[in-house]
1. Among what's in the range 70-108 and is part of a loop (DSSP other than H, G, I, E, B) and more than 11 Å from the chain's Cα centre (by Cα), pick the residue that is surrounded by the fewest Cβ atoms within 10 Å (Cβ to Cβ).
2. Can you tell me which of Tyr54, Tyr59 is outside any helix (DSSP H, G or I), of a type outside the set (Val, Ile, Thr), surrounded by 15 or more Cβ atoms within 10 Å (Cβ to Cβ) and at pLDDT 95 or above?
3. Among the listed residues Pro64, Pro28, Pro17, which satisfies the condition of being surrounded by fewer than 17 Cβ atoms within 10 Å (Cβ to Cβ), in a loop (DSSP other than H, G, I, E, B) and modelled with pLDDT of 95 or more?
4. Name every residue in the range 31-51 that is assigned to a helix (DSSP H, G or I) and surrounded by fewer than 13 Cβ atoms within 10 Å (Cβ to Cβ), in order of residue number.
5. Looking at (1) modelled with pLDDT of 80 or more; (2) more than 20 Å from Pro37 (Cα to Cα); (3) of a type in the set (D, E, K, R), can you tell me which one Arg150 breaks?
Amino acid sequence: MPTILSAPATVRPSTRPHRRSLAELLAPLDQLAADSPNLVANHDARFDSAGETYTLPRYLFVGPKGGDTPIRLGIFAGLHGDEPEGSHALVQFIKLLEARPELAAGYYLSIYPVCNPTGFEPGILAGFGRTGGEAVAGGINFALISRDYRAAHGRHE
């Protein structure tokens, strides 16, 4: 008689809050920057939100000299805290440039891998614009819109 497989047990999501680590994400870049002639780390930009101090990490990658005045580009990731993939991809991109700096010949790149650290670390969509200890739903772009504007246009917190 054939064996009947039972249905797999239901997987329940963890009830423990998950907090991503900005320091863990950026550690490889900081290590590269310590010895790199092309990559500079800058963690001087700081701000306070909901009683915590956050940094807005920035990296400058200076490619080898090209033929003309360098082209300056800003590359931004991590605007929505619950979408860390862009931040991780940008870390990989910087590692690639460090390994092959000729790919950035003629460019000065200002790179911001996590533009919303208040949302990245707790892994939530919201970020800036917290009210009463609760995050404003909808992400950084939505949090910067006034409460009156959201109410007038049928959007609520």
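The values are calculated or read from the model by the stated rules, or taken from the named source; none is laboratory data. Bear in mind that the values here come from a model prediction, so they are computed numbers and not experimental data. Counting neighbours? That spans all protein chains shown, and the Cβs are built from the backbone with ideal geometry, glycine included.
1. Of the range 70-108, the ones part of a loop (DSSP other than H, G, I, E, B) are 70, 77-84, 100, 105-106.
Imposing the further condition that a residue be more than 11 Å from the chain's Cα centre (by Cα) reduces the set to 70, 100, 105-106.
Working: Pro70: 16, Arg100: 9, Ala105: 12, Gly106: 13.
For the range 70-108, the residue satisfying everything is Arg100.
2. Of Tyr54, Tyr59, the one residue that is outside any helix (DSSP H, G or I), of a type outside the set (Val, Ile, Thr), surrounded by 15 or more Cβ atoms within 10 Å (Cβ to Cβ) and at pLDDT 95 or above is Tyr59.
3. On the way: Pro28 fails: in a loop (DSSP other than H, G, I, E, B); Pro17 fails: modelled with pLDDT of 95 or more.
The match here is Pro64.
4. Just the residues of the range 31-51 that are assigned to a helix (DSSP H, G or I), to begin with: 31-35.
Within the range 31-51, Gln31, Ala34, Asp35 meet the criteria.
5. If we test Arg150 against (1) modelled with pLDDT of 80 or more; (2) more than 20 Å from Pro37 (Cα to Cα); (3) of a type in the set (D, E, K, R), just (1) comes out false.
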